[in-house]
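Coordinate-derived values only; no laboratory data. Being a predicted model, the structure only gives us computed values, none of them experimental. FYI the Cβ positions are ideal-geometry reconstructions off the backbone, even for glycines, and counts take in every protein chain you see.
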Amino acid sequence: MKLSHAPERVNSAEYSFDYLRVIDKVTDFVYVKSEIKGKNKEELRQILRMISSGDFFVSFHAEQRMQERFITKMDIMYVGKFAISSNKQEHGSWLIEGQDVEGDSLSLVCTLKGNVLIATVF
């Protein structure tokens, strides 16, 4: 799935990629599969904020999948910033779907327990 908004270019010493302009809240660009209210909504906002800023840990399993699939930390940050959908799983983790920097589909399974832990990527 490609994003339909016209991208802008970001250039800094740290990275360079196309992105969509975020207007006020991180979740403005999140399509939620099920209605998210109250505590879950705030938890999702916090997770997306932390992922998009690079403030997350990657499990050993996720690190292996990243190497196998050529997924970078920047790709994960991009999904955090421009998530297309999100869904809280029955066991408490979040499935967040979006695109990597190159426009390929990328899904993250993560949890928030003080810090964000990326459990797996696909």
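Brief remarks on what is shown
- Residue list for the stretch 96-110, filter: surrounded by fewer than 17 Cβ atoms within 10 Å (Cβ to Cβ) and under 12 Å from the mean Cα position of the chain (by Cα): Ser105, Ser107
- Test: residue in the stretch 66-79 that is surrounded by 15 or more Cβ atoms within 10 Å (Cβ to Cβ), outside any helix (DSSP H, G or I) and touching a Leu at 6+ places or on another chain (Cβ under 6 Å): no
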